[in-house]
1. Looking only at the stretch 45-88, which residues are within 10 Å of the chain's Cα centre (by Cα), aliphatic (A, V, I, L, M) and under 19 Å from residue 22 (Cα atoms)?
2. Just for helices (runs of 4 or more DSSP H) wholly inside the stretch 24-135: which have at least 3 residues that are touching a residue at least 40 places away in the same chain (Cβ under 8 Å) and of a type outside the set (Phe, Trp, Tyr)?
3. Please enumerate the residues belonging to the stretch 72-99 that are at pLDDT 90 or above, out of contact with any strand residue (DSSP E or B) (no Cβ under 7 Å at 6 or more places or on another chain) and either under 12 Å from residue 5 (Cα atoms) or not aliphatic (A, V, I, L, M) (or both).
4. Of 57, 29, 19, which residue is over 17 Å from residue 122 (Cβ atoms) and either of a type in the set (A, V, I, L, M) or in contact with a Pro (Cβ under 8 Å, 6 or more places away or on another chain) (or both)?
Amino acid sequence: MTRHTALILTHQLDAEESLERSIALLDDLFSKLPFIPDPGRTELHAVAPATALKEKLVLPRGQHGEELAATPAGDVHHLFDGQSWHTPEQCPPAPMDSNGATGWQWLYFNTLHNTDASTICYLWDIHALGARSAA
């Protein structure tokens, strides 16, 4: 069973508008996934102000796991930075002095590092529709 995570950052919205924006972006992401998502099993895993996540940021160093989607906070398969969607396969390359970290880890770091106090982060768990349920 396929499981993906999506990190969505919203900027300069009140709490209700921010959540609505996150849900609309998630719906948009559903049309781009390489599998059919199960909306009944999609869950909001965590919500946090970006400032809380920024406090824990450190410069990327080395790999954080075997998966291409690995970040210091766990696997993140899709990242909406406030303007566009990114995936580990389609992200900027790591800088020349990457400290052994991937381009994805650097994008995750830079995205959170460059947010402002109005940013709210949503982490969604997305599960694929089971083969038997899809028929």
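1. Residues satisfying the conditions are 76, 79.
2. Numbers: elements: 50-54, 103-113, 131-134.
The helices (runs of 4 or more DSSP H) meeting that bar are 50-54, 103-113.
3. Restricting attention to the stretch 72-99, the residues satisfying the condition of being at pLDDT 90 or above are 75-99.
Restricting the remaining residues to those that are out of contact with any strand residue (DSSP E or B) (no Cβ under 7 Å at 6 or more places or on another chain) gives 83-84, 88-99.
Once the filter is applied, which keeps residues that are at pLDDT 90 or above, out of contact with any strand residue (DSSP E or B) (no Cβ under 7 Å at 6 or more places or on another chain) and either under 12 Å from residue 5 (Cα atoms) or not aliphatic (A, V, I, L, M) (or both), the stretch 72-99 yields 83, 84, 88, 89, 90, 91, 92, 93, 95, 97, 98, 99.
4. Values: 29 fails: over 17 Å from residue 122 (Cβ atoms); 19 fails: over 17 Å from residue 122 (Cβ atoms).
After applying the criteria, what remains is 57.
Rundown of residues vs (1) surrounded by fewer than 15 Cβ atoms within 10 Å (Cβ to Cβ); (2) touching a helix residue (DSSP H, G or I) at 6+ places or on another chain (Cβ under 9 Å), yes/no style:
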residue: 24; (1), (2): yes, no
residue: 28; (1), (2): yes, no
residue: 32; (1), (2): yes, no
residue: 36; (1), (2): yes, yes
residue: 39; (1), (2): yes, yes
residue: 43; (1), (2): yes, no
residue: 48; (1), (2): yes, no
residue: 53; (1), (2): no, yes
residue: 60; (1), (2): no, yes
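The values are calculated or read from the model by the stated rules, or taken from the named source; none is laboratory data. Treat the numbers as computed from the prediction; the structure is a model and nothing was measured. Here Cβ is always computed from backbone atoms with ideal geometry, including for glycine, and neighbour counts include all displayed protein chains.
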